[in-house]
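Inspection log for the structure reproduced underneath, given as C-alpha cells.
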Amino acid sequence: MSEVVGILADMSYDEELAGRIRAGLSFTEGVTEKRMFGGLGFMVDGHMVAAASRSGGLMLRLDPAEAAGLVDGERVRPFLMNGREPAGWLHLEPEAVDGDDLQRWLERGLAFVRTLPPK
C-alpha cells in the first residue's frame, strides 16, 4: 500500500488532462513533452504551447495581444509565476477545458506558436 501512496505522491499534474493534451496534439509535427514547474509541458519546435498544471487545469500560451481579452476571472485567468503575469500565458480551470473545449484552446495556442521561429 505504501508503494501506491508513493507513486500517487509523485504524480504532480493531472494525468488524464495530460493524456487529452497528448491526443489533441498527436497530429502536430515536432511535439515534445517535458516535466517543468511541477507539471508536464507540451512543446512544438521548442516552444511551449500548453502544460498540465500542478495546480490543476491547463497553462496555455497565446498571442499576448489575444490573451488579455480572453480572461474572465473565473475559468480563464492570467497565469501567475512568482507573483508575475508573463504576457500571453493563461491558466484555464479544469471546467474550461471540458470536452471539445480543450481542442479549441490547443488550436489557439498552436496558431501562435507556429508564428515563432523553431528553437
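The values are calculated or read from the model by the stated rules, or taken from the named source; none is laboratory data. Predicted model, so just to flag it, every value in this text is computed and none were measured. Reconstructed Cβ throughout: ideal geometry from the backbone, glycine too, with neighbour counts over all protein chains shown.
Could you give me the residue pairs with C-beta distances under 6 Å whose first residue belongs to the stretch 1-29 and is within 19 Å of Glu95 (Cβ to Cβ) and of a type in the set (Lys, Arg), whose second residue is at pLDDT 95 or above and crowded, with 16+ Cβ neighbours inside 10 Å wherever it lies, and which are 6+ apart or on separate chains? Final answer for the pair search is Arg20/Leu102. At pLDDT 95 or above, surrounded by 17 or more Cβ atoms within 10 Å (Cβ to Cβ) and either among the aliphatic types (A, V, I, L, M) or under 12 Å from the mean Cα position of the chain (by Cα) (or both), is that true of Arg22? Against the criterion (at pLDDT 95 or above, surrounded by 17 or more Cβ atoms within 10 Å (Cβ to Cβ) and either among the aliphatic types (A, V, I, L, M) or under 12 Å from the mean Cα position of the chain (by Cα) (or both)), Arg22 does not qualify. Being of a type in the set (S, T, N, Q), in contact with a helix residue (DSSP H, G or I) (Cβ under 7 Å, 6 or more places away or on another chain), assigned to a loop (DSSP other than H, G, I, E, B) and surrounded by fewer than 19 Cβ atoms within 10 Å (Cβ to Cβ) is a condition met by at least one residue of the stretch 27-34. The residue that is nearest to Arg61 (Cα to Cα), among those in the stretch 77-116 that are free of Cβ contacts under 8 Å to residues at least 40 places away in the same chain, in contact with a Lys or Arg (Cβ under 9 Å, 6 or more places away or on another chain) and outside any loop (DSSP other than H, G, I, E, B), is Trp89. The residue that is modelled with the highest pLDDT, among those in the stretch 1-19 that are closer than 14 Å to Gly39 by Cα and not in a helix (DSSP H, G or I), is Asp14. Within the stretch 56-113, the residues that satisfy the criterion of being β-branched (Val, Ile, Thr) and either within 15 Å of Leu17 (Cβ to Cβ) or surrounded by 17 or more Cβ atoms within 10 Å (Cβ to Cβ) (or both) are Val76, Val97, Val113. Restricting the stretch 40-53 to residues that are out of contact with any Asp or Glu (no Cβ under 9 Å at 6 or more places or on another chain) and assigned to a strand (DSSP E or B) leaves a set whose member that is surrounded by the fewest Cβ atoms within 10 Å (Cβ to Cβ) is His47.
Return yes or no: is Gly56 closer than 18 Å to Ser12 by Cβ, under 12 Å from the mean Cα position of the chain (by Cα) and not in a strand (DSSP E or B)? Answer is yes for this residue. Just one of (1) loosely packed, with under 12 Cβ neighbours inside 10 Å; (2) in contact with a strand residue (DSSP E or B) (Cβ under 9 Å, 6 or more places away or on another chain); (3) part of a helix (DSSP H, G or I) fails for Lys119. It is (3).
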